[in-house]
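Visitor: I'd like to ask some things about the structure below.
The values are calculated or read from the model by the stated rules, or taken from the named source; none is laboratory data. Note that the coordinates shown come from a computational prediction; the quantities given were computed from them, not determined experimentally. No Cβ is skipped: glycine too gets one built from the backbone with ideal geometry, and neighbour counts run over all protein chains shown. In case anyone asks, the SASA skips ligands and DNA or RNA and just uses the protein heavy atoms, side chains included. Shrake-Rupley method; radii C 1.70, N 1.55, O 1.52, S 1.80 Å.
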Amino acid sequence: MNSPLDKIKDKIFKLVAPPQDLEIWEWGEKNFSVPSDAANPGPWKVGRTHYLKGIFEILKNNDETTEIVLCMAAQTGKTTFSQICSGYALTEAGTSIMWVMPTKELAENYSKEKYSKFIKSTRILDRLLNSKQITGDSSDSILSKFFKNGSWICFGGANSENSLSSRSIKWVFCDELSGFPNSIGSHGSPLKLVRARTQSFIHSGRKIIMTSTPNLKGRCQISNLLDDPDTKRFEYRVKCPECDKYICLKWEQVKFNADNPAETGYYECQKCKKDIKLDQRKNKIVGTGYWHDLHPEKSAYRVGFHVNFLVSPFQTISEALRQYADAMRNGEDQLKTFYNVVLGLPYEPESSSVKHNNLYMRREDYLDHHGNPVDVPNTPSGTPLILTMGADVQVDRIECEIVGHCQDGRTVSVGYHRLYGDPSDIDNPQKNTVWDQLNDLMEKEYTSAHGIKMRVDGCCIDTGGLHTRQTYKFINQSYFKNIWGIKGKEGDRPIVSHSTMKKSGRDRPVKLFIVGTDSAKALVYSRLQVDDRNKPGYCHFPKGEGYEIYDDKHFKHMTCEYLDTVYVKGKPVSRWKKPSHLPNEPLDCRVYALAALEILNPSWKGLEKRVMERAAAGGKWEWLKTKAELKKEAQQEKEKKPKKKLRRPRNSYMNSWRF
């Protein structure tokens, strides 16, 4: 047993002994504990995320490496990696650090909610934190933290010039780089400003660590840096337990049955073509891995790493396939999220790959089985069962499209019209107004390939323009019951949400539906992307006499919008943007026609049965009845009912009372 004197000697030796030369991951294992409210609380161990170990070692041991690019999926340890690196720099190197988020608001929230928790979970940082600094929620204590060994960390936003131009910094962490703006006023790229702040330490170990989940292909800064020719890229390779050969785990090797993906998915080795049972052996398989240098000839000034869900201990193949199936059903917005968050890959919007000239070249003649022209042709999925219209009110005209819909999402453009006239002129009985022309199109009958006469079954009109009152009045005065006012709204919302009653002036209120334009446009563009005529979702467009409006410009305007990243309350979100020099009415009309279908929400089986019966009888298809027809039917029903006889009241004290 040690005497009290021996214990004192041990303490003295520890104080005067030279500091240990720890690896960054060793420092993390020694000092960091995962908070109790996390999924896996307790002392942090690098073996849990073995792929991070090699990145830690390259960062510390390669003096040439200045910039580190990490393009990572969610739940792969991105935040933990950056926090442990910062803790090592603050305690072992005693250096200055800047942590940059896309906006100043995000930087404040991160400092309060995440980094403060990291400090409390790291014993040495908690002891070194300067208790004399301002406490509470003041901006001084949130955006700057000072430690007793002379090191400090400050937080800033990439959208703030002051955040990036005030101090010289040795280590910089650019978190969620994909959300950084392209430029800040006249100062240019935030990344250039960050590099300028570290210029003083160019010969003394400066580090710029850039991490992010990716965003849109071509406009994503993290993936652009990863693919940059000057980046020395590494690939994580693991040993296959079946053939003992090293492979890189890629999404393309995940095999599954399309009818039941979540229950049938497995990983097939690229070399031996066997199921490696990745979910059951993940920790063991990932533990055999190493980072393979893809470009040994390149300089290590900037190194890049990509990490997807296949190496993460927090994600399984079955769960990923379940998310993939949901994304495929729910449109492009969720598919983008799957690519970015699960695969860690930049997403190429289907809209960006839709070439307007391809749509123009695949136009077709609308003919029946005998080669005669028809308004609504037959398709590989059968005859369109329902017609809807979308109308967009402009200053000097109304543009509208009539669209036929099949059950599998296939659409047929029946006609596109530009109705010129003044939409504010709605009360002139002596004149054929633009509203009368719109009414005529809804009353018109369209012949299908089976000889069925079809009419527009539902119409959505945008009320958000300059002629809101006139649009409300037209909806109230229309003979048709299935005509609705709509108002488009951005954001994560369904294609059609709840209706409200709105009015303008003294006119009767109308039923107004909210259309989620982001979701609707994503679905429209994903269908325009389908180029196989036999696949569900294919879009048919006409050509020939009477369809001259479907020219090259029409399709250019239909595909002019693109997804872009904007910030809403400090958070990056995707929004559809329109080039200022191109009109987008053809796209809007298609979106409104889709909204009309969503509002109708038809029974496809019932519609198919009725259309076949009508085709066999050679009759007229009358899904939509006018208000006049409905009124007449109601009157006839009323006349059929026998009139009730009036009963004579019984004699009583109250009945005999006289005033």
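Visitor: Conditions: (1) closer than 30 Å to PRO579 by Cα; (2) of a type outside the set (Lys, Arg); (3) in contact with a strand residue (DSSP E or B) (Cβ under 8 Å, 6 or more places away or on another chain). ASN358 meets all but one. Number of the miss?
Guide: Only one criterion is unmet by ASN358, namely (3).
Visitor: Quick one: in region 538-549, which of the residues that are charged (D, E, K, R) and out of contact with any Lys or Arg (no Cβ under 7 Å at 6 or more places or on another chain) is modelled with the highest pLDDT? Break it down into steps so the answer makes sense when it comes.
Guide: Of region 538-549, the ones charged (D, E, K, R) are 543, 545, 548.
Checking which are out of contact with any Lys or Arg (no Cβ under 7 Å at 6 or more places or on another chain) leaves us with 545, 548.
Working: GLU545: 89, GLU548: 92.
Within region 538-549, the match that is modelled with the highest pLDDT is GLU548.
Visitor: Oh, and also: Only one of GLY606, GLY544, GLY537 is part of a helix (DSSP H, G or I) and either within 30 Å of PHE180 (Cβ to Cβ) or open to solvent by less than 70 Å² (accessible area, probe 1.4 Å) (or both). Can you tell me which? Break it down stepwise before answering.
Guide: On the way: GLY544 fails: part of a helix (DSSP H, G or I); GLY537 fails: part of a helix (DSSP H, G or I).
Among GLY606, GLY544, GLY537, only GLY606 is part of a helix (DSSP H, G or I) and either within 30 Å of PHE180 (Cβ to Cβ) or open to solvent by less than 70 Å² (accessible area, probe 1.4 Å) (or both).
Visitor: Is it true that LEU177 is crowded, with 16+ Cβ neighbours inside 10 Å and modelled with pLDDT of 85 or more?
Guide: When the stated conditions are applied, LEU177 passes them.
Visitor: Can you tell me which residue is farthest from THR231 (Cα to Cα) among those in region 34-68 that are among the polar types (S, T, N, Q) and surrounded by 16 or more Cβ atoms within 10 Å (Cβ to Cβ)?
Guide: Quick first cut of region 34-68, residues among the polar types (S, T, N, Q) only: 36, 40, 49, 61-62, 65-66.
Still in the list and also surrounded by 16 or more Cβ atoms within 10 Å (Cβ to Cβ): 49, 65-66.
Numbers: THR49: 24, THR65: 11, THR66: 11 Å.
Of everything passing the filter in region 34-68, THR49 is farthest from THR231 (Cα to Cα).
Visitor: Sort out which residues of region 414-426 are surrounded by fewer than 23 Cβ atoms within 10 Å (Cβ to Cβ) and outside any loop (DSSP other than H, G, I, E, B), and write them in order of number.
Guide: First, the residues of region 414-426 that are surrounded by fewer than 23 Cβ atoms within 10 Å (Cβ to Cβ): 415-426.
Within region 414-426, GLY415, TYR416, HIS417, ARG418, LEU419, TYR420 qualify.
Visitor: Among residues belonging to region 521-534 that are part of a loop (DSSP other than H, G, I, E, B) and in contact (Cβ under 8 Å) with a residue 12 or more places away in the chain, point out the one that is least open to solvent (accessible area, probe 1.4 Å). Spell out how you get there, then give the answer.
Guide: Restricting attention to region 521-534, the residues satisfying the condition of being part of a loop (DSSP other than H, G, I, E, B) are 529-534.
With the extra rule that they be in contact (Cβ under 8 Å) with a residue 12 or more places away in the chain, the set shrinks to 529, 531, 533-534.
Details: GLN529: 64, ASP531: 125, ARG533: 95, ASN534: 115 Å².
This residue is GLN529.
Visitor: Among the residues of region 379-388, is any open to solvent by less than 20 Å² (accessible area, probe 1.4 Å), in contact with a Ser or Thr (Cβ under 7 Å, 6 or more places away or on another chain), modelled with pLDDT of 90 or more and assigned to a strand (DSSP E or B)?
Guide: No, region 379-388 contains no residue that is open to solvent by less than 20 Å² (accessible area, probe 1.4 Å), in contact with a Ser or Thr (Cβ under 7 Å, 6 or more places away or on another chain), modelled with pLDDT of 90 or more and assigned to a strand (DSSP E or B).
Visitor: How many residues are under 33 Å from the mean Cα position of the chain (by Cα) and part of a loop (DSSP other than H, G, I, E, B) if we restrict to region 45-65?
Guide: The number of residues fulfilling the criteria is 1.
Visitor: Mind listing whichever residues of region 550-574 are at pLDDT 70 or above, open to solvent by 40 Å² or more (accessible area, probe 1.4 Å) and either in a helix (DSSP H, G or I) or β-branched (Val, Ile, Thr) (or both)? I'd like the intermediate steps shown before the answer.
Guide: Filtering region 550-574 down to residues at pLDDT 70 or above leaves 550-564, 574.
Checking the rest, the ones that are also open to solvent by 40 Å² or more (accessible area, probe 1.4 Å) come to 551-553, 556, 562, 564.
Hits for region 550-574 are ASP552, LYS553, LYS556.
Visitor: Moving on. If LEU630 passes every condition in (1) at pLDDT below 85; (2) surrounded by 11 or more Cβ atoms within 10 Å (Cβ to Cβ); (3) not in a helix (DSSP H, G or I) but one, which one does it miss?
Guide: Status for LEU630: all satisfied but (3).
Visitor: Can you find a residue that is among the basic types (Lys, Arg), part of a loop (DSSP other than H, G, I, E, B) and either modelled with pLDDT of 85 or more or farther than 18 Å from LEU343 by Cβ (or both) anywhere in region 208-223?
Guide: Looking for residues that are among the basic types (Lys, Arg), part of a loop (DSSP other than H, G, I, E, B) and either modelled with pLDDT of 85 or more or farther than 18 Å from LEU343 by Cβ (or both), one finds none in region 208-223, hence no.
Visitor: Using beta carbons and a limit of 9 Å, which pairs, at least six apart or on different chains, have the first residue in region 491-516 and open to solvent by 60 Å² or more (accessible area, probe 1.4 Å) and at pLDDT 80 or above and the second one part of a strand (DSSP E or B) and not hydrophobic (A, V, I, L, M, F, W, C)?
Guide: As it stands, the answer is PRO494/GLY516; LYS511/GLY485; LYS511/SER499; LYS511/THR500; LYS511/LYS502, since those pairs meet every condition given.
Visitor: Shifting gears a bit: Please indicate, with yes or no, whether at least one residue in region 82-100 is open to solvent by less than 50 Å² (accessible area, probe 1.4 Å), of a type in the set (D, E, K, R), outside any loop (DSSP other than H, G, I, E, B) and touching a residue at least 12 places away in the same chain (Cβ under 8 Å). If you could, list the steps in order and put the result at the bottom.
Guide: Pass one, region 82-100, residues open to solvent by less than 50 Å² (accessible area, probe 1.4 Å): 82-91, 94-100.
Pick out the ones that are also of a type in the set (D, E, K, R) and you get none.
Checked region 82-100: no residue is open to solvent by less than 50 Å² (accessible area, probe 1.4 Å), of a type in the set (D, E, K, R), outside any loop (DSSP other than H, G, I, E, B) and touching a residue at least 12 places away in the same chain (Cβ under 8 Å).
Visitor: While we're on this one: ASP457 - would you say it is within 16 Å of LEU385 (Cβ to Cβ), open to solvent by less than 10 Å² (accessible area, probe 1.4 Å) and not polar (S, T, N, Q)?
Guide: The answer is yes for ASP457.
Visitor: Search region 228-285 for residues being part of a strand (DSSP E or B) and in contact (Cβ under 8 Å) with a residue 60 or more places away in the chain, and hand back the single one that is surrounded by the fewest Cβ atoms within 10 Å (Cβ to Cβ).
Guide: Kept after step one, since they are part of a strand (DSSP E or B), are these residues of region 228-285: 232-239, 246-248, 254-255, 266-268, 275.
Subsequent filtering for residues that are in contact (Cβ under 8 Å) with a residue 60 or more places away in the chain retains 232-236, 238, 254.
Details: LYS232: 20, ARG233: 19, PHE234: 19, GLU235: 16, TYR236: 22, VAL238: 23, VAL254: 20.
Filtering region 228-285 for residues that are part of a strand (DSSP E or B) and in contact (Cβ under 8 Å) with a residue 60 or more places away in the chain, the one surrounded by the fewest Cβ atoms within 10 Å (Cβ to Cβ) comes out as GLU235.
Visitor: Just give me the residues in region 392-405 being without any contact (Cβ under 8 Å) to a residue 60 or more places away in the chain and not in a strand (DSSP E or B), in sequence order.
Guide: First pass over region 392-405, keeping only residues without any contact (Cβ under 8 Å) to a residue 60 or more places away in the chain: 396-398, 404.
Result: ASP396, single match.
Visitor: Looking only at region 277-320, count how many residues are closer than 15 Å to HIS50 by Cα and charged (D, E, K, R).
Guide: Qualifying residue count for the region: 3.
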